[in-house]
Every structure is written in C-alpha cells, then in structure tokens.
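Notes to accompany the following structure.
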C-alpha cells in the first residue's frame, strides 16, 4: 500500500475517487481549502488525514511538500470554470499547484496522477472525435490552465517524471449538480430548449472515471499515459432528452419546445459580447457536437472484463438523484 496525497475531495470527482480507494489500505492525506465547511468531507473523518491548505497558496504548498514523503500524488482538485475568481487565482490554483507537485515528484520519484479535462480541446473540438493528436484550444481561461498544466507535466516526463493524465468529459452520477443534472431538471420542468438539428454529445459516468483513476493507482503505468475518459459511445442530444422525458413523464419531450438554431446562435453571440464564459459554454454544449476518442481507455476496460457505460440508459442514476432531492 502507498502513502498517498489527494486533492479535490470536496468535489464530485475527488470524493467519488476517494470513496473507492479508501478501503484499500493506503495511508491517505487530503488537501482541503482552509475554512471549508467540515460537512463537505465529514464522511472521511477518522479515515484519512486532512491538511488545510489552499492550492492557490504556492509558497505554503511548496513548504508542505518539501517536508513530506508521499509515494503517489493524485491531483484532482482545481478551480473550475465559471467561478468568480481572477485569472491570477485560476493560474495559481490550477497551474502553479501542478508545477509544485511535478517538482516534488521529480525530486522524490513519486508518481503523479493528474486530472485534466477534455476541455483542453476547447468546449467544441476542432475535429470529431477529438483524439490525442487534436489541436488544443484555450477557448476560455479554465481550459487554458489545464493546457498549461499538461505542458508542465509533459516537459517533466522528458526528465524522468512518472505521470499519467486523465481527461474526463462532463461527468454525471449521484451528487453531481452540473450540466447533466441541470439537463434532467430542465427536461423535468419542460424548460430545456432543444435545438432542431442532430447534435452528438459525450458524457462520462462517474464509475468510468473512478475506474480510470483506480487503474492508474494500482498499476505501474507507463509514464506519459493519457486517457480521454467518457462513456463508450456518444449519444444524440434529442434521443437523450426524449429518454429522460419518458422516464419522468412517460412520453417524449414536446416538439413545441424544439428551437431553431438561430435562437442558439443569437444567445451565444450575446454571451460572447458580455464575455460570459459560463453562458458561452452552455450555449455551445447544447447546440454543437462534442465527442472524443476513448478507444485506448476502453481497450483496458475490455481486458479487465469490466462493463462499459452507455449514457442511455445509465443517465438514470442522475434522474433518480433528481427525483430523490
């Protein structure tokens, strides 16, 4: 078993990963932002060591790591897109923190497992499916920070760093309040504007993502490993909306709520004029296709004999979560 440092445990992904690995006997320390409400990590109390330290506090992070002896760092925490934070805080939280962990791992020969994002291709990739040769697109500052963090890791790998990069797509599961949950809520309330053209989207079940992290943790992976992680196949947005509607209302989504693509172009234009990255992304995600090459990840899944995830019907986990609240 390993002495492990993990970040991001108060978030949806980090908490799910920690729940899975906490039973394996690792000696785990988690970094938590100071003044975080204790209830956000109460379920882990007494099972791991909690260290209050902000990823944006570069000097404190450097000092803490220098006095540590971790064998593995699982860096999941980040300042997510759409938050009210300065670019400086984004950079320190997402890039400088990664740089400190890379330096530590190079000096101590510790392994680094880094949670990036398919957002490195931009909200809407330049080619479909986005693959490992697809150009990176820093279309917003959050995506820019993930690209920069990956660059730092890539350069360090050339100098002996043992690192793996996991790029999840938009993830769904119990406890998430992001895009998939909001989609379910809006369909339930007949508020979702469904574009009248064929759109393909590619979501990621939380269990698929947890397996990816667990596999890297358990194996001595080949350094430089990069996985795009999402469900086995993309899904048509209208098919997904109709499936959700049938689960909630026993009928397809009303055709009267189908919107012309002009509406979405106008909304995106207004969001860009307002320089609102969150709303730009929201309009893009429901009016343009986005999906990814996940073959290398699913090759491993098949070798392990594990069941792949398909958004239809697996989105039922989010539908149930919505109904239970």
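The values are calculated or read from the model by the stated rules, or taken from the named source; none is laboratory data. Because the structure is a prediction, the values reported are computed rather than measured. Backbone-built Cβ (ideal geometry, glycine too); neighbour counts: all protein chains shown.
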Give 104, 90 a once-over and let me know the one that is farther than 23 Å from residue 213 by Cβ and crowded, with 20+ Cβ neighbours inside 10 Å.
90
Which of the residues that make up region 185-207 are under 19 Å from the mean Cα position of the chain (by Cα) and either under 26 Å from residue 19 (Cα atoms) or surrounded by fewer than 14 Cβ atoms within 10 Å (Cβ to Cβ) (or both)?
202, 203, 204, 205, 206, 207
If I ask for residues that are touching a residue at least 24 places away in the same chain (Cβ under 8 Å), out of contact with any strand residue (DSSP E or B) (no Cβ under 7 Å at 6 or more places or on another chain), over 20 Å from residue 237 (Cα atoms) and assigned to a helix (DSSP H, G or I), which ones from region 294-320 would you list?
298, 300, 301, 304
How many of the residues making up region 89-116 are at pLDDT 95 or above and part of a helix (DSSP H, G or I)?
18
So which of 252, 242, 228 ends up being under 26 Å from the mean Cα position of the chain (by Cα), at pLDDT 95 or above, outside any helix (DSSP H, G or I) and at negative phi?
228
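Part of a loop (DSSP other than H, G, I, E, B), free of Cβ contacts under 8 Å to residues at least 60 places away in the same chain and surrounded by fewer than 21 Cβ atoms within 10 Å (Cβ to Cβ): is that true of residue 222 in this structure? Walk me through how you get there before you give the answer.
Details: part of a loop (DSSP other than H, G, I, E, B): yes; free of Cβ contacts under 8 Å to residues at least 60 places away in the same chain: yes; surrounded by fewer than 21 Cβ atoms within 10 Å (Cβ to Cβ): yes.
Answer is yes for this residue.
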Quick check on region 170-177. Is at least one of its residues in contact with a strand residue (DSSP E or B) (Cβ under 9 Å, 6 or more places away or on another chain), in a loop (DSSP other than H, G, I, E, B) and more than 24 Å from residue 239 (Cα to Cα)?
no
For region 123-146 the number of residues that are closer than 29 Å to residue 218 by Cα and surrounded by fewer than 19 Cβ atoms within 10 Å (Cβ to Cβ) is 3
Might you check whether a residue that is in a loop (DSSP other than H, G, I, E, B) and either without any contact (Cβ under 8 Å) to a residue 60 or more places away in the chain or within 28 Å of residue 243 (Cα to Cα) (or both) occurs anywhere in region 147-155?
no
Members of region 257-283 found to be farther than 18 Å from residue 122 by Cβ and without any contact (Cβ under 8 Å) to a residue 12 or more places away in the chain, listed by number:
262, 266, 270, 273, 274
Residues that are closer than 22 Å to residue 95 by Cβ and either in contact with a helix residue (DSSP H, G or I) (Cβ under 6 Å, 6 or more places away or on another chain) or outside any strand (DSSP E or B) (or both): does region 18-27 have at least one?
no
Does region 276-291 contain any residue that is in contact with a helix residue (DSSP H, G or I) (Cβ under 7 Å, 6 or more places away or on another chain), in a helix (DSSP H, G or I) and modelled with pLDDT of 90 or more?
no
Taking region 34-56, which residues are assigned to a loop (DSSP other than H, G, I, E, B) and surrounded by fewer than 18 Cβ atoms within 10 Å (Cβ to Cβ)?
34, 35, 36, 37, 45, 46, 47
Output the residues belonging to region 11-33 that are surrounded by fewer than 20 Cβ atoms within 10 Å (Cβ to Cβ) and in contact with a strand residue (DSSP E or B) (Cβ under 6 Å, 6 or more places away or on another chain).
26, 27, 29
Is it fair to say residue 162 is more than 19 Å from the chain's Cα centre (by Cα), within 24 Å of residue 211 (Cβ to Cβ) and crowded, with 18+ Cβ neighbours inside 10 Å?
yes
